[in-house]
Amino acid sequence: RPRPSLPAAVVGAGLGGSAVAYFLQQHFGPQVQLDVYEPAGVGGRLATVTVNKQQYESRGASIHALSLHMQDFVKILGLKHRREVAGKSAIFSGEHFVLEETDWYLLNLFRLWWHYGISFLRLQMWVEEVMEKFMRIYKYQAHGYAFSSLEELLRSLGGDAFVNMTQRSVAESLLEVGVTQRFVDDVIAAVLRSSYGQSVLVPAFAGAMSLAGAQGSTWAVEGGNKLVCSGLLKLTKANVIPARVTGVSLHSSEGKALYQVHYEGSEGQGSAFYDTVVVTTPLHPSRSNFTFENFEPPIADFPGAFQPSVTSVVHGYLNSSYFGFPDPKLFPFASILTTDTPDLFFNAMDNICPVNISAAFRRKQPQEAAVWRVLSQQPLDKQQLKTLFRSYYSVQVTEWQAYPRYDAAKSLPPIVLHENLYYLSGVEWVASSMEMIAVAAKNVALLAYNRWHQDLEKIDQKDLMHKVKTEL
C-alpha cells in the first residue's frame, strides 16, 4: 500500500488524544492517516461506573458553560446536554456547616455578604477578568494562530501576569485584591479541595479556572462525557490500536525526522514509523515508563508529581446525623464541600444522578438509599464509611493519579519535544479541565500544521489582539 503523505500517531485516547486526532484531521485533511494507541479503553479519565444497571460519572463530571470546544464537539457529534437536576450545596468544617445554600438567590447573596463582606464580589471580578482574557484563545485559534510553548500561549492572552499566575498561589492573588483570609479558608479552600483535591496553595491560574467552574453554570453530556471521545475518534475514522506505547526512537529519512513508535499489546511487541507523533499521556516517571531513544540532546525527564485521588461511588443511606441532622428527612443538601481541616477524611461528596436522565427522573429523598460520590485522598476505611453512611449496598472505588501536584513543579513542561514530536498533557500544569485539554489539543494540531507547512507567521506572534482585529 502506498505510504500516506502524513502518517501520524497519537498516544492516548482520552479527551486529549481524541480531540487532537479530530483537529489534526480537520487541518491536514485526508492526507493524514491517524493511529491512536490506547491500552485501557477510549475515554481515559472520563469514565463511568454501573450501579443497579444505571451508569454514573466516576470522574470528570461537569463542563463549564463557556467551554466552546466542548460545546462544538457535542454539536458536531449530535450529542445532547444532560437534563439538570437542581440540588443545594453546603460547606462543612468537620463540626458544622460554615455556609449553606438556600433556594433563594437573594438570600444566598445576603448570607455571603453577612459572613464575608464584599469578598465574594471581589472574587467574582477577579475570576471574570481572567476568563475574559482567556476567551481570546478562541479568536486566535479561529484565525489559525498557534503557540510553541505554554508560556507563549499564556503571554498572548494575559501578558506576563498570566505566566506569573502559574508561579504564585491563588490565596496570595486573592488576598492582594482584597478577599479576606476567612473567605479564602472557608470558600476557596472548599472549592479547590473538591476540584483538585489540593489546598489554596495551588497556582492562581489553575485556581481561577476551578473557581470559574464553581461560579458559572455547568453541564454534562447525556449518556456520559466519554461519548465525546469515542464520537470524535469515530468521526475521524482513526485507527485505534489497543496497545501501550513504551517509547519513541528517532530515525531520519531524506533529511526529515522519522519517529518509530514502540508498543506492546496482547499480541506482543511491535513498532511503526510516523512523520508526526503527539503524546497525550503524562510523561512523568510516576505515570509512565516511557523512553526516548536517539534524540540529541536527549529529551529530559519531566519534574513534578501527581496528586493521588480516590473516588468512592457508594449506594447507601446517608448518615445525616454526622452533619447535624438527626432526622434524615430534613437534610437539604445534594453536595457537601469541606474546609481544609486536619481531621476531615474526605474532600467532597455529592448525591449523583445517572448519565441518562429520563423526564420522569427525580433526585432521591435524603432518607432514601441514593448513589453518592465521595472524593478523598486515601481509600475510605470501614469506620469512615460508617461515619458517612448509616448502611450501604455497594462501594466502588477508583484510585487514580488525578491532577498534577501543583506545589511540586516550578516550570511548565514543553509542547515541542522535537521537530514533529509534541506533548499535549503539559497543559495540565497550567490548569486541568476538559476545556483546557481541548484548547491544548487545538493548539497542538495548529502548531503541527503550521510547522509542517513552514507557516511561521502563524506561530508565537506578538500583539495578536491587534492582528486579529485588522484581519477581521
Tell me which of these Lys442 doesn't satisfy, since it passes every other one: (1) out of contact with any helix residue (DSSP H, G or I) (no Cβ under 9 Å at 6 or more places or on another chain); (2) buried (at least 16 other Cβ atoms within 10 Å of the Cβ); (3) among the basic types (Lys, Arg). (1)
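With respect to Pro326, determine if the residue is more than 30 Å from the chain's Cα centre (by Cα) and open to solvent by 30 Å² or more (accessible area, probe 1.4 Å).
On the way: more than 30 Å from the chain's Cα centre (by Cα): yes; open to solvent by 30 Å² or more (accessible area, probe 1.4 Å): yes.
For Pro326, the condition - more than 30 Å from the chain's Cα centre (by Cα) and open to solvent by 30 Å² or more (accessible area, probe 1.4 Å) - is met.
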Taking only pairs six or more apart or across chains, which ones have beta-carbon atoms under 8 Å, a first residue in the range 443-464 that is within 16 Å of Ser156 (Cα to Cα), and a second residue that is open to solvent by 60 Å² or more (accessible area, probe 1.4 Å) and part of a helix (DSSP H, G or I)? Ile459/Arg451; Gln461/Lys467; Leu464/Arg136
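Only one residue in Leu412, Leu388 is under 30 Å from Ala206 (Cβ atoms), open to solvent by less than 40 Å² (accessible area, probe 1.4 Å), of a type in the set (A, V, I, L, M) and modelled with pLDDT of 95 or more. Which one? It would help to see each step written out before you state the result.
On the way: Leu412 fails: modelled with pLDDT of 95 or more.
Matching residue, one of Leu412, Leu388: Leu388.
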Neighbours by Cβ (under 6 Å, 6+ apart or cross-chain): first from the range 288-303, in contact (Cβ under 8 Å) with a residue 12 or more places away in the chain; second of a type in the set (Phe, Trp, Tyr): Ile299/Phe292
Tell me yes or no: at least one residue of the range 184-200 is within 30 Å of Asn351 (Cα to Cα) and surrounded by fewer than 19 Cβ atoms within 10 Å (Cβ to Cβ). yes
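Tell me which residues, restricted to the range 150-171, are farther than 23 Å from Phe120 by Cβ and open to solvent by 30 Å² or more (accessible area, probe 1.4 Å). Full working, then the answer.
Here is the first cut: in the range 150-171, the ones farther than 23 Å from Phe120 by Cβ are 150-157, 159-160, 162-164, 166-167.
Those that are farther than 23 Å from Phe120 by Cβ and open to solvent by 30 Å² or more (accessible area, probe 1.4 Å): Glu151, Glu152, Arg155, Asp160, Asn164, Gln167.
Inside the range 324-364, can you point out the residues that are polar (S, T, N, Q) and touching a residue at least 60 places away in the same chain (Cβ under 8 Å)?
First pass over the range 324-364, keeping only residues polar (S, T, N, Q): 335, 338-339, 341, 347, 351, 356, 358.
Residues satisfying the conditions are Ser335, Thr338, Thr339, Thr341, Asn347, Asn351, Asn356.
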Output the number of the condition that Gln401 fails; it satisfies all remaining conditions of (1) more than 16 Å from Gly12 (Cβ to Cβ); (2) open to solvent by 40 Å² or more (accessible area, probe 1.4 Å). (1)
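Being assigned to a helix (DSSP H, G or I), at pLDDT below 95 and buried (at least 16 other Cβ atoms within 10 Å of the Cβ) is the requirement here; does Leu174 meet it?
On the way: assigned to a helix (DSSP H, G or I): yes; at pLDDT below 95: no; buried (at least 16 other Cβ atoms within 10 Å of the Cβ): yes.
So Leu174 fails the test.
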Based on this model, can you work out whether Ala440 counts as part of a helix (DSSP H, G or I) and touching a residue at least 24 places away in the same chain (Cβ under 8 Å)? yes
Pairs under 7 Å by beta carbon, first residue touching a residue at least 40 places away in the same chain (Cβ under 8 Å) in the range 18-37, partner among the charged types (D, E, K, R), six or more apart or different chains? Phe23/Lys442
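The values are calculated or read from the model by the stated rules, or taken from the named source; none is laboratory data. Predicted model, so just to flag it, every value in this text is computed and none were measured. Quick reminder, even Gly has a Cβ in these numbers, built from the backbone with ideal geometry, and neighbours come from all protein chains shown. With ligands, DNA and RNA removed, areas are computed over all heavy atoms of the protein, side chains included. Shrake-Rupley method; radii C 1.70, N 1.55, O 1.52, S 1.80 Å.
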